[in-house]
1. Rounded if a/c is under 1.5, else prolate if a/b is larger than b/c, else oblate: which is segment 54-139, with a ≥ b ≥ c the root eigenvalues of its Cα gyration tensor?
2. Of the options 275, 255, 155, report the single residue whose Cα projects farthest towards the positive end of the charge dipole of the chain (beta-carbon charges: Lys, Arg +1; Asp, Glu -1).
3. Can you check what the net charge comes to around residue 237, using other residues whose Cβ is under 14 Å from the Cβ of residue 237 (Lys, Arg +1; Asp, Glu -1)?
4. With the convex hull built on the Cα atoms of the chain, state its orientation-averaged projected area in nm².
5. Binning at 10 Å from 0, report for segment 212-253 what percent of all alpha-carbon pair distances ends up in each bin.
6. Helix by helix through the chain, keep the DSSP H runs that span 30 Å or more along the axis on Cα and average at least -0.5 on Kyte-Doolittle, and give those back in order.
7. Report, in cubic angstrom per residue, the convex hull volume of the C-alpha atoms of segment 37-85.
8. Given the convex hull of the Cα atoms of segment 261-316, what is a quarter of its surface area in nm²?
Amino acid sequence: MPAPPTTPQAALRPPEVRRERAFRRIYPMRVLGMGLGGLAIGAVLFEQRAPWPLWAWMLLSCFAWPHLAFALARGARDPHSAERRNLLVDSAIAGVAVPLMHFCLLPSAILATVTTFDKLSTGMRRLWLQSLPFLFGGALLGSLVLRPRPLLESSLLVVAFSLPLLIVHTLGTGLASYHLLRTIARQNHLLEQMRRTDAQTGLMSREHLLEHAQAALRGYARDAWPACLLMIDIDHFKSINDQHGHGAGDEAIAAVAQAIRGCIRAADVAGRYGGDEFLALCLGAPPQEVQGIAQRILEAVSGLRPGPAQAPLSCSIGIAALGPGITDLRAWLGAVDQALYRAKAQGRNRVARAEPA
C-alpha cells in the first residue's frame, strides 16, 4: 500500500534525522493509500457478496492497520527498523488482497504495482526486493486459505473504485518528484555559488577567478583584447596573527577584500588567491589605467585599522599585463608574482609592474 516518495524537505535533512522521522512522513500517505485501496477491495467484495469475515479483514487491514503501524514505529527503540517492518507488512496485506478479490485483474494489478513502487520511493536500500516475497507469500497464503475462483473481469463499479488509487498515487508521485527536482536544481545552484565564492571574503574563489583569467587569455589570443592581473598581498600579515591572534588576521583579510571590491571597476573581478593574497582581473583596460586602480587599492588599504590595537594595514601590489611573452595562465601568474616580489623587495606598500618579456 502506498508509502510516499521522499519529499524535498526530507531530502535536505541529515540522514539520521530522515531515518528517525520516516514513519511520521509515511503515516499520512499510508492512511490515504490504504484507504483508497480499501475502496477498490470493497467494490469487489460488494459485487461478490462476500461474507462478513472478509469485510472485517478489509476494514482492519485498510483502515485500522495504518494507525497501528504508526503506533508501533513511534514506540519502538529503532523507529526506522520498525517502519521498515511495517512496509513489509503492507506488501503482505496487498498480497492477501489479491486472492481475496478472486484475482480481479485491474485492482489486483494496481495494488501490486503501487505497493512495490512505494518501496522504491522510500529510498530504503533493497526494500522493494525484500518486499516481493511478502507480496507473493501473502497471495499464496490467501489462495490456500480462501481457495478463490479466479474472476479476472472488472466491472464498471470495480473500475470506478480502483481508479482513485491509481490517479492519486500517480499525481502524488509526480508532484513529489517535481518538487524534488526543483529542490535539487536550487541546491545545485547554491553549491555552484559556493564554489564560485570565497566564504570569508565574499570575493570570487581562486578556481572561479582563474577561469575568468583563462577566458581573458583566450580573448587576447583571438582579438588582442587587453587585460591585466593584479596580485595584492597584505604586508607583514604573519605578525598580525602572531601579535593579535588569528581573529584579527581574519578581520584584516575581510577588510582588505572590501577595500579591493570598492576600488575596482564594474567590469573587473577580484578573488582570494590564497591566505592573505588576492587577485584582481582588469579587463579592457590599458596598463596605465590599471596602475591607477592599483594605487587606489593601496591608498584604501593604508587607511584600514581592523582592530583598535593594530597598526594601519598596508599591502604590496604586482601588475602583469597580457603581452606577446605570456602564452598561458601559468606564465601570466608567474609574471604577476614576480612583480609582487619586486614590490616587496623595494620596501612594500607600493605597486610594481612586471617587466615586458
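Readers should treat all values here as calculations from the given coordinates under stated rules, not as data from a laboratory. Predicted model only: the values in this text are computed from it and were never measured. Ideal geometry is used to build each Cβ from the backbone, glycine not excepted, and the neighbour counts take in all protein chains shown.
1. Working: a/c = 2.43, a/b = 1.34, b/c = 1.82.
Note, shape of segment 54-139 comes out oblate.
2. Farthest towards the positive pole: 155.
3. Details: positive: 238, 272, 344, 348; negative: 233, 235, 242, 250, 251, 276, 277.
Value of the local net charge: -3.
4. Details: hull surface 108.2 nm².
For the Cα atoms of the chain, the hull's average projected area reads 27.1 nm².
5. Cα pair-distance distribution for segment 212-253, in percent: 25, 26, 15, 24, 10.
6. On the way: long enough: 15-47 (47 Å, 0.23); 79-100 (31 Å, 0.35); 156-196 (59 Å, 0.60).
In the chain, the long hydrophobic H runs are 15-47, 79-100, 156-196.
7. On the way: hull volume 3.4 nm³, N = 49.
Hull volume over Cα atoms, normalised by residue count, gives 70 Å³.
8. Values: hull surface 17.0 nm².
Taking the Cα atoms of segment 261-316, their convex hull projects to 4.3 nm² on average.
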